[in-house]
1. Just checking, does region 36-45 include any residue being under 24 Å from the mean Cα position of the chain (by Cα), in the same structural domain as Y198 (by TED's automatic domain parsing) and open to solvent by 90 Å² or more (accessible area, probe 1.4 Å)?
2. Restricting to region 246-275, what's the tally of residues that are crowded, with 18+ Cβ neighbours inside 10 Å and assigned to a helix (DSSP H, G or I)?
3. Among the numbered conditions (1) in a strand (DSSP E or B); (2) more than 16 Å from the ligand (Cβ to nearest atom), tell me where S176 comes up short.
4. Somewhere in region 82-97, is a residue crowded, with 16+ Cβ neighbours inside 10 Å and within 16 Å of the ligand (Cβ to nearest atom)?
5. Taking the conditions exactly as written (within 16 Å of the ligand (Cβ to nearest atom), assigned by TED's automatic domain parsing to the domain that holds K249, assigned to a loop (DSSP other than H, G, I, E, B) and under 26 Å from E317 (Cβ atoms)), does I122 satisfy them or not?
6. Pairs under 8 Å by beta carbon, first residue open to solvent by less than 10 Å² (accessible area, probe 1.4 Å) in region 114-126, partner among the small types (G, A, S) and more than 8 Å from the ligand (Cβ to nearest atom), six or more apart or different chains?
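The values are calculated or read from the model by the stated rules, or taken from the named source; none is laboratory data. Values in this document were obtained by computation on a predicted structure and should not be read as measured data. Please note: Cβ atoms are built from the backbone with ideal geometry, for glycine as well, and neighbour counts cover all protein chains shown. Protein only, heavy atoms only, side chains kept; ligands, DNA and RNA dropped before computing areas. Shrake-Rupley method; radii C 1.70, N 1.55, O 1.52, S 1.80 Å.
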Amino acid sequence: MVISHLNLDRILRKTVPVIVFLLLVYGSFLYSYYICWNEIYHHHSKSTGIGLIIGNILFILLIYFIWLQMFLVGPGFQPHVPIYKFYEDYRDDYESIPPPDYFICTQDGYPIYCTMCQSIKIDRSRHSGDFGKCIGRFDHFCYWIGTVIGKQNYRLFMQFLIWFQLYFVYSIVTTSVFIKDIYRRRNNSLHPQIIVLYILLAFWLVIVFALFVSHVYYLWINITSIEEIKIKQHRRDKTPDPQAFINFKHKGERYVLRYSSLKDHIWNRGLHENWIQVMGKSVFFWFVPWRGPINDPHSGDLKEQDYYVIVGDYFEEISDKFKQHFIERIERKDYESKFTMGCSDVGSSDV
Ligand SMILES: [Zn+2]
């Protein structure tokens, strides 16, 4: 039977997290039983053996707790954003709001619209087929974890990677402390399960560490995994520089400017701002894995007709450097076009 790419994808999305879950249970059992109980408790120190088992259980419970939260908190669904009212005499039989000072647009300067959500997409938002909704600062679908990572659960995702690594380091270090004695006492041999445990720990530590380092890099320059994948694809295929467009307001007029989504990291606002955008302002919650950084994920219900109020924490701000860069380009007339409405209705595009 031939399994199509789509079916394989569906199967992997459901099975990989279950395998990871079971491997974690299995590895935890190997560590607790073969190292802590059989060796340390019986041949070294009872209190150390019990203490390490408790430490192991607490680590596992914390990891599952963060994992569960990533599902419960969710990736963060962007609020509903009505169409933009570009002129005062704009027909008002549609719900419309004044446009923000800048937004990512089509080549013609129109906002990106999601026909499924019937809403304008906030910058960096992306429609998720899994949830049937647009997700703010969509990062990626994580096969290991089994859910979408977005603006709301990205902090939990980073904390998950950190605690996962700490757990592996804890297991490897405590096992290594006793491994020489175990080896000698067993006449220069090791139980096969202990070797399996070592391989599992080393394998997972390398995988999680590599994932963590990539995400620290993404956070550093403020790109999402999806953006990074697109950049890599273009480099690999050697296709022309992918162009993107921004509708930018300057001195009461609006302009459409072209930029490179490959080279111009317009969202990169410096490490400090990038960090706060993902991890939130509270230092306490940088370390404590509890909920996401967005205070009111349902701000779409707000009545105030102001873009910035409606989108709240989902607002994506471009860097001061690029704001200045766009202004300079407008002043030297280096723009795609001056934005004017071509018809009485707001055009839309689902990109
Ligand atoms: Zn959508």
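1. Step one: of region 36-45, the residues under 24 Å from the mean Cα position of the chain (by Cα) are none.
Looking through region 36-45, none of the residues is under 24 Å from the mean Cα position of the chain (by Cα), in the same structural domain as Y198 (by TED's automatic domain parsing) and open to solvent by 90 Å² or more (accessible area, probe 1.4 Å).
2. 1
3. The failed condition is (1).
4. First, the residues of region 82-97 that are crowded, with 16+ Cβ neighbours inside 10 Å: 82-86, 90, 96-97.
Still in the list and also within 16 Å of the ligand (Cβ to nearest atom): 82-83.
Among the residues of region 82-97, at least one is crowded, with 16+ Cβ neighbours inside 10 Å and within 16 Å of the ligand (Cβ to nearest atom), which makes the answer yes.
5. Details: within 16 Å of the ligand (Cβ to nearest atom): yes; assigned by TED's automatic domain parsing to the domain that holds K249: yes; assigned to a loop (DSSP other than H, G, I, E, B): yes; under 26 Å from E317 (Cβ atoms): yes.
Here the answer is yes, as I122 does meet what is asked.
6. These pairs meet every condition: I122/G136.
Matching residues to (1) buried (at least 21 other Cβ atoms within 10 Å of the Cβ); (2) within 15 Å of the ligand (Cβ to nearest atom); (3) not assigned by TED's automatic domain parsing to the domain that holds I60:
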{"site": "D108", "(1), (2), (3)": "no, no, yes"}
{"site": "I112", "(1), (2), (3)": "no, yes, yes"}
{"site": "Y143", "(1), (2), (3)": "no, no, yes"}
{"site": "Q165", "(1), (2), (3)": "no, no, no"}
